1. Given Cα pairs under 8 Å that are at least 6 residues apart, what percent is the relative contact order of the range 10-72?
2. Go through 204-213, 46-55, 227-236 and give me the packing order, highest mean Cβ count within 10 Å leading.
3. Explain nothing, just the number: relative contact order of the range 163-233, from Cα pairs under 8 Å at least 6 residues apart, as a whole percent.
4. Can you send over the carbon and sulfur percentage of the accessible area for the chain, probe radius 1.4 Å, protein chains only?
5. Kindly write out, for the range 61-77 in residue order, the coupling ³J(HN,Hα) from the Karplus curve 6.51 cos²θ - 1.76 cosθ + 1.60 (θ = phi - 60°), rounded to whole Hz, with x marking Gly and Pro.
6. If I histogram all Cα-Cα distances within the range 104-254 using bins 5 Å wide from 0, what percent of pairs lands in each bin?
7. From Cα pairs below 8 angstrom and at least 6 apart in sequence, can you work out the relative contact order of the chain, rounded to a whole percent?
8. Kindly report, to the nearest 10 Å², the accessible surface of residue 139 as traced by a 1.4 Å probe over protein heavy atoms only.
Amino acid sequence: WYTWAMKLDLVYRGRHLNSEDIVLIKKVIANNPGKSRRFISEELCRQWNWRQQNGALKDMICRGLLLRLEREGLITLPPRKQLTNNPFRNRKPPEFVKADQTPIACNLKDMKQAIQLASIRRTNLERLYNSLIHEHHYLGYTQPVGENLKYIATFNGSPIACIGWSSPAWYIGCRDRFIGWSAEVRKKNLHLIAYQTRFLILPWVSVPCLASHLLGICARIISADWMSFYNHPIYFLETFVDTERFSGICYKAANW
């Protein structure tokens, strides 16, 4: 994420900075006395044209960079305007949302036609997703980082599974070698991977082969959903399996 190549020549989240960039940062701070740190980071993003694929400024990443530069003694940021709650450190658990827990036990072929899988990001169903993951996933709910989508699978309108996706890990050697990426190509194309952060078949659902079936559906629809939300497609999916808990059979059955 952040490595020194030489003095005043560094890399942060894939962006190279040199002494001229440090001069620019100091100039923006000096020319905007009394402005907030957010204003400074947004102005730098505009001058650098540092944007996400959907055009939004990379404001939070830039603020992380500014804090790191200040810790290194390279710049002095203006005083904080206000002390805000850290959204990750002080985040409250998701609100409990009651869900239909009628047991479902049958063969996949008996319910396949009635299964629906839909992206629910920024809809009223996102609260239900957060609650189900918090209550029933062994890792609990954590706020996704970067680009992310959330899915709920339903059967006759009742939830049966949740699937969450976010931005991928910055570097995984075996993955990059498998794809054939050099370091430079990875930096250019990393946003084309989605990382599965959560996969939950709800505990009152017992349907053989359901997990691999849902993985297959999601693989077919996620790229179009990501394009609609973030203005770029998805070409690869990745996840991690805790082999002390799980065998990963459903991924193999879904041709991962």
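The values are calculated or read from the model by the stated rules, or taken from the named source; none is laboratory data. Keep in mind that this is a model prediction, so the values were computed, not measured. Cβ placement follows ideal geometry from the backbone for every residue including glycine, while neighbour counts extend to all protein chains displayed. Note: areas computed on protein heavy atoms with side chains; ligands, DNA, RNA excluded. Shrake-Rupley method; radii C 1.70, N 1.55, O 1.52, S 1.80 Å.
1. Numbers: 37 pairs, mean separation 15.9, N = 63.
About 25 percent, as a whole number.
2. Numbers: 204-213: 18.0, 46-55: 12.7, 227-236: 14.6.
Result, highest mean Cβ count within 10 Å first: 204-213, 227-236, 46-55.
3. Working: 39 pairs, mean separation 25.7, N = 71.
Computed over the range 163-233, the figure is 36 percent.
4. Details: 7770 of 15160 Å².
Answer for the chain: carbon and sulfur cover 51 percent of the accessible area.
5. Once rounded to whole Hz, the list reads 5, 5, 5, x, 4, 4, 5, 5, 4, 5, 5, 7, x, 8, 9, 10, 7.
6. In whole percents, the pair-distance histogram is 2, 8, 18, 21, 21, 16, 8, 4, 1, 0.
7. Details: 317 pairs, mean separation 37.5, N = 256.
Result for the chain is 15 percent.
8. Looks like 100 Å² after rounding.
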